[in-house]
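Enquirer: The structure is given below, and queries will be raised subsequently.
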Amino acid sequence: MRINFTLSIAAITAFSMFTACKNSSSGSFGTDPATGIQYHFFNHDDKGTKPSMGDYAKVFLTLKNTNDSVLYDSHHKQRKEDTTVTVNMHLLKSFNGCLPDGIILMAVGDSAVFKVNADSLYLKTFHSQQLPSFIKTGTMVTFNIKLVSFETPEQMSSAMDAAMKDRQAMIDKRKADEPVQIAKYIADNKITAKPESDGIYILERKKGKGKPIKTGDSVEVKYTGTLLDGTIVETSDHGAERTTFTLVYGKDFFIKGFDDIISNLENGGSVKALIPSSMAFGEQKQSNLILPYTPLIYMVEVINVK
């Protein structure tokens, strides 16, 4: 089941709320007279700073149905490298007794459980057309919540502006550094080849047999792409029976530089080339290895042409 919340990584390594909340539904609940939200606090700082409606809250969250079955738990790893995951919530009121009505009663560090009407939650907050089969109409669901932090809209906007400026500064620096990196690679490896008109350096080329590849040909290749330091960023070799990649030349999507370096190859031919970012991924980040303005080395062998 997909919950309409935005997920982000939180640098928090220790917390105990949810082990303490296993039997939370058996605790006594109070009711907020202003909104009707039912709540039970495990930890509560009366003097702590609380968010307001419209703020952005970062929480740990577990959602359970009336049978105490877990429907969603942000503690489960969302990606292999994650340790803990928080949920980012824009606190917007969708009905009286909605979850944001409960969260604005909390101070940072508080932990609590809230009862929310299931029908209203799915139809008014999640905007579902109907209740899912595992939710009975007229029942309540429970949210176990720990409030980690919150930001006002102004703080969120300021943080986003700062992040955008940092990203642009990083992009500008990498753009300026790229020609320096390429020049150093050429000098360190004593390369005498001159760049093509598109900036690509053909470092090695082995002629094959038959006619050169043309648009519409089905081309089976083995290839490896690396950074200038030799770090592999992608390869056609994915184990037994998956060592090659087949593309329709001129039609299948690939970086422009890849198409260019195999354009004059034949069956059995191979090439090694340095491809500048302008012919690769440009200022787009593709992974933690392929950052903006990353030049790449591609080694390609043509296995078969049809």
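The values are calculated or read from the model by the stated rules, or taken from the named source; none is laboratory data. None of these values were measured; they are calculated from a predicted model. In this analysis, Cβ positions are derived from the backbone assuming ideal geometry, glycine residues included, and neighbour counts consider all displayed protein chains. Only protein heavy atoms, including side chains, enter the accessible area calculation; ligands, DNA and RNA are left aside. Shrake-Rupley method; radii C 1.70, N 1.55, O 1.52, S 1.80 Å.
Enquirer: For the chain, what does the accessible surface come to per residue with a 1.4 Å probe? Please give it in Å².
Expert: Here the residues of the chain average 56 Å² of exposed surface.
Enquirer: Which of these, Ala193, Ala107, Ala162, has the largest mean-square fluctuation under a Gaussian network model of the chain (Cα springs below 10 Å)?
Expert: Ala193
Enquirer: Okay, next question. Residues with beta-carbon under 15 Å from that of Ile191, excluding Ile191: net charge, scoring Lys, Arg +1 and Asp, Glu -1?
Expert: Net local charge, Ile191 excluded: +2.
Enquirer: Over the stretch 107-201, consider all pairs of different Cα atoms and compute the Kirkwood hydrodynamic radius from their mean reciprocal separation; express it in Å, one decimal.
Expert: For the stretch 107-201, inverting the mean 1/r across all distinct Cα pairs yields 19.7 Å.
Enquirer: Still on this model: State which entries of Lys93/Lys146; Lys58/Lys115; Lys211/Lys256; Lys194/Lys272; Lys190/Lys222 exceed 23 angstrom in Cα-Cα distance in the structure shown.
Expert: Going by Cα-Cα distance, Lys190/Lys222 fall outside the 23 Å limit.
Enquirer: In the chain, what percent of the accessible surface is made up of carbon and sulfur (1.4 Å probe, ligands and nucleic acids excluded)?
Expert: After summing per-atom areas, the C and S share lands at 50 percent.
Enquirer: From the backbone phi of the stretch 228-234, what are the Karplus-calculated ³J(HN,Hα) couplings (6.51 cos²θ - 1.76 cosθ + 1.60, θ = phi - 60°) in whole Hz, Gly and Pro given as x?
Expert: Karplus values, whole Hz, x for Gly and Pro: 5, 8, x, 5, 6, 10, 6.
Enquirer: I've got another one for you. Which whole-Hz couplings ³J(HN,Hα) result when phi for each residue of the stretch 99-108 is put into the Karplus expression 6.51 cos²θ - 1.76 cosθ + 1.60, θ = phi - 60°, listed in order with x for Gly and Pro?
Expert: Ordered by residue, 3J(HN,Hα) equals 4, x, 4, x, 5, 6, 8, 9, 9, 4 Hz.
Enquirer: Now for a different question. In Å, what Rg and Dmax follow from the Cα atoms of the chain?
Expert: Rg then Dmax for the chain, in Å: 27.9, 83.
Enquirer: For a Förster distance of 45 Å, can you work out the FRET efficiency between the beta-carbons of Asn304 and Met170, rounded to the nearest 0.05?
Expert: Once rounded, the FRET efficiency stands at 0.60.
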